[in-house]
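Taken together, the values in this text are just the output of simple stated rules run on the coordinates, not laboratory data. This is a predicted model, so every value here is computed, not measured. When we count neighbours, we look across all protein chains shown, and the Cβ atoms used for this are built from the backbone with ideal geometry, even at glycine.
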Amino acid sequence: MTDPTLKTTVLNAAHRALGARMVGFGGYDMPVQYEGVLAEHRWTREHAGLFDVSHMGQARLTGADAIAQFQRFVPGDYAALKAGRQKYSLLLNESGGIIDDLMAGKPDHGGLYIVVNAGNKDEDFAFWRAHLSGDATLTVLDDRALIAIQGPEAAEVMVAHEPVLAEFGFMDCARLMLFGVDCYVSRSGYTGEDGYEISVPAAEAERIWNTILQDARVKPIGLGARDSLRLEAGLPLHGHDIDATTSPVEGALTFALSKSRKDAADFNGAGRILKELAEGPSRVRVGLSVKEGAPAREGAEIADADGTVIGVVTSGGPSPTLGRNIAMGYVPPSHAALGTNLKVIVRGRASACEVIDMPFVAQRYHRKPAA
Amino acid sequence: MHFTSDHEWVRLDGDIATVGITKHAADQLGDVVFVETPEAGKTFGKGDSFAVVESVKAASDVYAPVSGEVVEGNAALASAPETVNADPEGEGWFAKIKVSDASQIDGLMDRAGYDAFLATL
């Protein structure tokens, strides 16, 4: 029975036809699994998984001042970004906290195309509407669905439909005709695997979803495996691993800070962020290998070798690829060095863990050789 | 065999109750990846959390369907938690409990009653 307060994506009937188990997520009625989380996780790592991510927010930001206005709130250099490229970035509040993480790119010459998280999209869009000035217009694309295909066979599957997709490298993006309709496509995703995210007109989404699924290398994948895949890839989930109190330095996301923007110090929260870069933050996100006992999940305390609580797990669980339990969480920098032995406390029991490098499972993005 | 509305099952042999979670519960959990069963000697009241079962996504408490003292936890589940999915109402049992009040069983559902209960969910 669908909770009537939940919104649906245009693929809702398709998920139900495939026998998906549906749950509420980010305000939407979404498939958590079809066949089973472990099987779907492994299928994505070995073949190609198809994800409905239409609950996420899509928007265009256009106008002569669009880039300059956008950059007031994100620390990436979008002015220098070439057409046909996209970047991961962070929407920051005045204290340098992460309102949301996002993807933004230049698929055409019409400004930015932006994808934000489902649970934050209303807040994000309201934030921009309240803060943008000059010639900058935000247009929410709520008439589009978003489909991701991820896994080592994703490129072969998609190239069979559209040969030009072979020429995309990781984080390349374009607006092009695909399946006979106007799409935004990027070679990106949130599983650590190679693949594409494809924004399609809502009215065409079910046809395209079913067309891609006809390939025997592709299976539909639910949010359960999406979460375990992104955890293995060491990618943070907003609202869990990062939030409006977390800075990019604490969140171990300094790669999202462009050098030119740090030098200019002209974005929201730059004061705190530059200070943390110079002096170190009070806490930092680390990866943990949990060596014994139950999985350490969000909320489990992290203790030092003496048992003193020093931090908290923000996500964790079993890694189907590695066959052991992994977690990410926050500890003081004094306890963040790789190899540091710590403990996680699960239901009152302390289990040994060790700070290890992320990603937990090697990412397999398709990077083009330098020209 | 008897069943609770929390999806545990109980099979009584003399005053020893073998308890586990139902096939419905195992199917709902999905892939079970970790089970924490109680040690012999622990005592639980009816309705107390006496074990934890974890799927890829979440940890769930399992509640004692009867009061009593644990005489054996199913240690085999520590190394083979997937048994709970494969055979939830057989090899996937959680614990054997020496019941303190066998009449507690009378308040539980039989198979037909449990199936009827599932149909209302």
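Between A:T5 and A:A68, full extension at 0.36 nm per residue minus the direct alpha carbon distance yields a gain of 18.9 nm. Each 10 Å bin, from zero up to the one with the longest distance, holds this percent of the alpha carbon pairs of region A:118-203: 16, 40, 30, 14, 1. Each 5 Å bin from zero holds the following percent of Cα-Cα pairs in region A:245-371: 2, 10, 19, 19, 15, 13, 11, 7, 3, 1, 0. Residue-normalised convex hull volume from the C-alpha trace of region A:235-304: 114 Å³ per residue. Relative to the 2.2 N^0.38 Å rule of thumb, chain B has a C-alpha radius of gyration ratio of 0.97. Note on region A:314-371: Rg/Rh from Cα positions, Kirkwood definition for Rh, rounded to two decimals, is 1.09. Of all lysines in the structure, those lying under 26 Å Cα to Cα from B:K98, and not within fewer than 8 positions of it along the same chain, are B:K23, B:K42, B:K46.
Note on region B:56-121 and region A:20-50: Cα centroid distance 28 Å, given to the nearest whole angstrom. Rounded to the nearest 20, the Cβ-based charge dipole of chain A about its Cα centre (Lys and Arg +1, Asp and Glu -1) stands at 420 debye. Taken about its Cα centre, chain B carries a charge dipole of roughly 80 debye when the Cβ of each Lys and Arg holds +1 and the Cβ of each Asp and Glu holds -1.
Taking 0.890 mPa s as the viscosity and 25 °C as the temperature, the Stokes-Einstein diffusion coefficient of region B:1-59 based on its alpha-carbon Kirkwood radius rounds to 194 µm²/s. If every alpha-carbon in region A:224-264 counts as one equal scatterer, what log10 I(q)/I(0) does Debye give at q = 0.14 1/Å? These q points yield log10 I(q)/I(0) values of -0.41. Among A:Y184, A:P107, A:A126, whose Cα sits farthest toward the positive end of the charge dipole of region A:66-190 (+1 at Cβ of Lys/Arg, -1 at Cβ of Asp/Glu, about the Cα centre)? Towards the positive end, the residue furthest out is A:P107.
Each listed q (0.14, 0.19 Å⁻¹) maps to a log10 I(q)/I(0) for region A:275-328, found by the Debye formula over equal Cα scatterers with no solvent: -0.43, -0.70. Based on alpha-carbon atoms, the Kirkwood radius and the radius of gyration of region B:67-121 give Rg/Rh equal to 1.06. Peptides A:89-98, A:219-228, A:317-326 ranked from most to least packed by the mean count of surrounding Cβ atoms within 10 Å: A:219-228, A:89-98, A:317-326. Seen through its C-alpha gyration tensor, with square-root eigenvalues sorted a ≥ b ≥ c, region A:173-318 comes out oblate because a/c lies at 1.5 or above while a/b is not bigger than b/c. Considering only beta bridges that DSSP places wholly inside the protein assembly as shown, some 95 percent are antiparallel. Simple point charges give the picture: +1 on the Cβ of Lys and Arg, -1 on the Cβ of Asp and Glu, and for region A:115-170 a dipole about the Cα centre of about 160 debye. Could you work out the relative contact order of region B:37-121? I mean the mean sequence separation of Cα pairs under 8 Å and 6+ apart, divided by the number of residues, in percent. 27 percent. No solvent, one uniform scatterer per C-alpha: report log10 I(q)/I(0) for region A:1-66 via the Debye equation at q = 0.12, 0.14, 0.16, 0.20 1/Å, two decimals. Ignoring solvent entirely, the Cα scatterers give -0.41, -0.52, -0.63, -0.84.
Seen from every direction in turn and averaged, the convex hull around the alpha carbons of the protein assembly as shown projects onto 25.0 nm².
Using the Cα coordinates of region A:1-150, the gyration tensor eigenvalues translate into equivalent-ellipsoid semi-axes of 31, 18, 14 Å, sorted from longest to shortest.
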